[in-house]
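What follows is a single structure, written as C-alpha cells, with notes after it.
Derivation of every value follows stated rules applied to the coordinates shown; laboratory data play no part. Only a predicted model underlies this, so the values are computations on that prediction, with no experimental measurement involved. Here the Cβ is made from the backbone with ideal geometry for all residues, glycine too, and neighbour counts use every protein chain on show.
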Ligand code: NAD
C-alpha cells in the first residue's frame, strides 16, 4: 500500500481521498480552504498544515484542483518538495496545454507523472465508480493503475502527456452538443403537441438515442432519476459544462480543428450562465431554449 498526499479536498477530492483510505493507502490531505479542511477533519482524513508537509514522504501525490493555473502553481512547489521516486497524478479538468506543461515540470525534476481527469461527478467520486482518462508513459500508467482503481471503475490509458485531458474535453463537447440537441427536440415536440413520453419512447429506441436522452432526460417523467425530476439540482452544473466547452474551444483553436457546433454550444451555455443559471444542472438548458430562463 502506498503513502499518498491528496491536494485539493473539494467536492470531488474529499470522497476520492476517502476511497484511497478505505482501500488501505496511507493518505494525508492538504487544502487551502478552511471549509475544506474542516470537512476533511470531519471525515477523519489526516491533514497536513502545509503542502510541503503533505508531500514530503509521499510515494504518490494526487491533485484535484479547480483549473490549470492552480495545477501549475502546486506542481511547481511539489517538484521541489517531493521524494525523487514520487509519482504525480493530476485528476483536475484543465486545458491540454497546461497539462503538458505540468508533465514537463515533473519530468524536469525527474518525477513520473499522469494527467487523469475523471467523469462521473460527485456521485461517482463517492461510490468509487469514476471513469479515469489517463495520459502519460506506460511506466507511469502501470505505477498509478492500482491507485486509480481504488477510486474508479473504468481506467483508460489514452496516450502520452495530455491525452487524458484531450479525451475528457472531446467527450464533454459531445455531451454539451447532444444535450442541446435533445432539449431542442423536446421543445419542438411540445410545440407540435407531442407528449414527452411519446417522444422518449420513440427516440430512445431509434436513431436519436443517446446518453443525454436515455440516462439524463432533460424533462421530468421518462427517466425518474434525471435532474429534471428534482428542479434541475445538479448533477453536473451548467457552469462546469461551460468550463469544459471553453477548454474544448481553446484546444480546437490551438490545434486548428473545426468545431462549429462545439463553439455554438459554448455560446449557449455562456449565455445561460450569464443569466444566473450556472449553478443549475446543465440539462436545465431546455428552459433557455423554451425562452423561459
Ligand atoms: P472544488 O472547488 O469543490 O474543489 C477544489 C479544491 O481545491 C477546493 O477545496 C480549493 O480550496 C482547493 N485548492 C485550490 N487551490 C489550492 C491550492 N493551491 N492548494 C491546495 N488546495 C487548493 O472543485 P471540485 O468540484 O472538487 O472539482 C475539482 C476538479 O474536478 C475541477 O477541475 C473540476 O472541473 C473537475 N471535475 C468536477 C466534477 C464535479 O462534478 N464537481 C466532475 C468532473 C470533474
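Observations on the model:
- Principal-axis analysis of the Cα atoms of the chain puts helix 68-81 at an angle of about 10° to the longest axis.
- In the chain, the longest principal axis of the Cα atoms and the axis of helix 138-149 are about 70 degrees apart.
- Mean residue ellipticity, 222 nm, helices only, the chain: the sum of -39500 (n - 2.57) across DSSP H runs of n ≥ 4, divided by residue count and rounded to 500, is -15500 deg cm²/dmol.
- Sorted largest first, the spans of the alpha carbon positions of the chain along the three principal axes are 65, 44, 34 Å.
- Once Rg and the Kirkwood radius are both taken over the C-alpha atoms of region 166-289, their ratio Rg/Rh works out to 0.98.
- Length available on full extension from residue 201 to residue 80: 0.36 nm per residue minus the Cα-Cα distance, which gives 37.8 nm.
- Of all DSSP-defined beta bridges confined to region 83-217, some 25% are antiparallel rather than parallel.
- With both residues required to sit in region 3-160, DSSP beta bridges show an antiparallel share near 10%.
- Residue 11/residue 97 FRET efficiency (R0 22 Å; Cβ-Cβ; nearest 0.05): 0.30
- Ordering 281, 59, 138 from the fewest to the most neighbouring beta carbons within 10 Å gives 138, 59, 281.
- Shape class of region 3-160 from the alpha-carbon gyration tensor: rounded, with the ratio a/c of largest to smallest axis under 1.5.
- Between residue 142 and residue 34, full extension at 0.36 nm per residue minus the direct alpha carbon distance yields a gain of 35.4 nm.
- Inter-part distance where region 32-87 and region 238-293 are each reduced to a Cα centre, Å: 31
- Inter-label distance, residue 293 to residue 129: 2.7 nm, where each label sits 7 Å from its Cα along the C-beta direction.
- Fewest-first ranking of 168, 104, 243, using other Cβ atoms within 10 Å as the exposure measure: 104, 243, 168
- The angle between the Cα long axis of helix 13-22 and the longest principal axis of the Cα atoms of the chain comes to about 60 degrees, rounded to the nearest 10.
- In the chain, the DSSP beta bridges split such that about 15 percent are antiparallel, to the nearest 5.
- Computed from the Cβ-Cβ distance with R0 of 30 Å, the FRET efficiency linking residue 44 to residue 214 stands at 0.20.
- By the count of neighbouring beta-carbon atoms within 10 Å, fewest first, 75, 211 end up ordered 211, 75.
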